[in-house]
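Here's the structure, in structure tokens; my notes come after.
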Protein chains: 2
Amino acid sequence: MEADVTISLNKGVADPEGSNVKKALNLLGFDEVMNVRTMKTFRIDLATTDRVKAKKDVEEMCKKLLANPVIQSYQIELR
Amino acid sequence: MEADVTISLNKGVADPEGSNVKKALNLLGFDEVMNVRTMKTFRIDLATTDRVKAKKDVEEMCKKLLANPVIQSYQIELR
């Protein structure tokens, strides 16, 4: 089973990488770019077929290691 | 219109961040984690409603700035 964990910054948290990419795209002539936000995805291969356990474990991974709940939120997609 | 550009490493390219995350998860007791790959997503707000132009422009952004074609590939999702 495969889990995609997407970590994004909470609303109101500055995203300097995103704003620099926006500036660079505007400088390259892409004037229609209004805003850029960055996100990180971890694609995790799991040696289990139990969907419920997988979901529970991946949530615990987010809380223990992958995400910083003060400034980030996570989204889990199982496949 | 919003575009999600996901940048992932090509097959065969080492992903040290991913393998360190795998090691850390295993050490935390998540033995079912077999492999971890990292990806980066840029969520781009575009001031256009022309889907065809948006797609074309975002592809050019990938080629010019967002992705390094030697080691990375990109995937575009328009919404």
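Of the residues that make up segment B:29-47, is at least one open to solvent by 60 Å² or more (accessible area, probe 1.4 Å) and in a helix (DSSP H, G or I)?
no
Taking A:Ala24 and the conditions (1) under 19 Å from B:Glu17 (Cβ atoms); (2) facing chain B (nearest Cβ under 8 Å); (3) among the hydrophobic types (A, V, I, L, M, F, W, C), which numbered condition does it fall short on, given that it satisfies the others?
Just one mismatch for A:Ala24, condition (1).
Quick one: count up the residues across segment A:56-79 that are more than 9 Å from chain B (Cβ to nearest Cβ) and either among the small types (Gly, Ala, Ser) or without any contact (Cβ under 8 Å) to a residue 24 or more places away in the chain (or both).
The number of residues fulfilling the criteria is 8.
In the list B:Lys53, B:Lys11, B:Lys64, B:Lys22, which residue meets the criterion of being out of contact with any Lys or Arg (no Cβ under 7 Å at 6 or more places or on another chain), in a helix (DSSP H, G or I) and closer than 30 Å to A:Lys64 by Cα? Let's see the steps before the verdict.
Numbers: B:Lys53 fails: closer than 30 Å to A:Lys64 by Cα; B:Lys11 fails: in a helix (DSSP H, G or I); B:Lys64 fails: closer than 30 Å to A:Lys64 by Cα.
After ruling out the rest, the residue left standing is B:Lys22.
The values are calculated or read from the model by the stated rules, or taken from the named source; none is laboratory data. None of these values were measured; they are calculated from a predicted model. Cβ atoms come from the backbone with ideal geometry, glycine included; neighbour counts cover every protein chain shown. Only protein heavy atoms, including side chains, enter the accessible area calculation; ligands, DNA and RNA are left aside. Shrake-Rupley method; radii C 1.70, N 1.55, O 1.52, S 1.80 Å.
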